[in-house]
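Peer 1: For reference, the structure I am asking about is given below.
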C-alpha cells in the first residue's frame, strides 16, 4: 500500500493505492488521526479509487477517522470506492454513515 | 538459526492429529509465519483456488475475505501481534448430501498454537453499533456455510466450509 498527501486550502486529500489490511491499516489510522486531531484540518478526503482490497482493520481505521472528525466538527469524506471496497462497507452496514462521492470533483464541490 | 526455531513447530502443527491424504480431497497445504505482510500472498492463492474450484466471482471474493479475516484474527488475538509464530492451512475438497444430490465444497482448516480461546468471544458484535473493530467474524460467518472452532491439544483449529451453489453453476453451464 502507498499513501500520499495533497493539501488544498482547508482540505487534505489522501491518495491511497493497493491493499489496506492488517499490515498497513495502522499506518492509515495514524495518518488520518494526525490530520484530523493534530492538524485540525477542516475537511479530510480519502481517494479510494486505487484501493483494491480493504479488510476489517482498514474499515476500523476509516471509522476511527470518521468518529474523530465528528468529535471535532470537521468532515471526513471518501470518494472513488471500488466495487470491492463498497461491498465491504455494505456488508458491515457502514456505507451509509460515511460521506461518499463518486469522484474527486464531486467530493470537493460540497 | 532463528528460521529453524520459527519453522520447526510448523511441521509438528500440520501433521498433528489429522492425516490429510490426497485421497481425502487434499488440494493445498500452506504453512506461514504470523506476519501480516504475508496476508496478501494468501489472498492471491485463495483467489486462484476458489476460481479454479468454480465459485462465482462474488463467492471467490467472500471466501478469500473470510480466510484473510480469520488469519488476521489469529495474528492479532491468538498471537498478540507476534510476527514469527506458526500458522498452518489445509485446503480440501469436501462433499455433502443434499436434496439435489452431492454438493461439492471447499474446506479450509486454519491451525495455530496460541492460547486457548473462549468460544463465547467468537460471536462478533452487533452491526448496529458504529464503532471500529469486531467486523472480521461477521465477514467470516457471512461468507461461509460452516464455521467451527475447536481446541485440540495445544492447537486452535478453525474449520471453514463453503459449498458450491448448484443453481448458479447450472446457469453458467
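Peer 1: Go ahead and estimate [θ] at 222 nm for the protein assembly as shown from helices alone: -39,500 (n - 2.57) per DSSP H run with n ≥ 4, summed, over the residue count, rounded to 500.
Peer 2: -11000 deg cm²/dmol
Peer 1: As an exercise, use a Förster radius of 30 Å and the Cβ-Cβ distance of residue A:4 and residue B:165 to find the FRET efficiency, rounded to the nearest 0.05.
Peer 2: Efficiency computed from Cβ-Cβ geometry: 0.15.
Peer 1: Over the protein assembly as shown, what number does the Rg to Rh ratio reach, with both radii from the alpha-carbon atoms and Rh per Kirkwood?
Peer 2: Dividing the radius of gyration by the Kirkwood radius yields 1.01.
Peer 1: Order of A:29, B:76, B:97 from fewest to most other C-beta atoms within 10 Å?
Peer 2: B:97, B:76, A:29
Peer 1: Can I ask one more? Which whole-number percent is the relative contact order of chain A (Cα, under 8 Å, 6+ apart)?
Peer 2: 25 percent
Peer 1: With no solvent and one equal point scatterer placed on each C-alpha of chain A, evaluate the Debye formula and give log10 I(q)/I(0) for q = 0.19, 0.20, 0.22 Å⁻¹, two decimals.
Peer 2: Calculated log10 I(q)/I(0) at the listed q: -0.92, -1.03, -1.29.
We did not get these values from a lab; they are worked out from the coordinates using the rules stated. All values derive from a computational prediction rather than experimental measurement. Note that we place each Cβ from the backbone using ideal geometry, even for glycine, and neighbour counts take in every protein chain shown.
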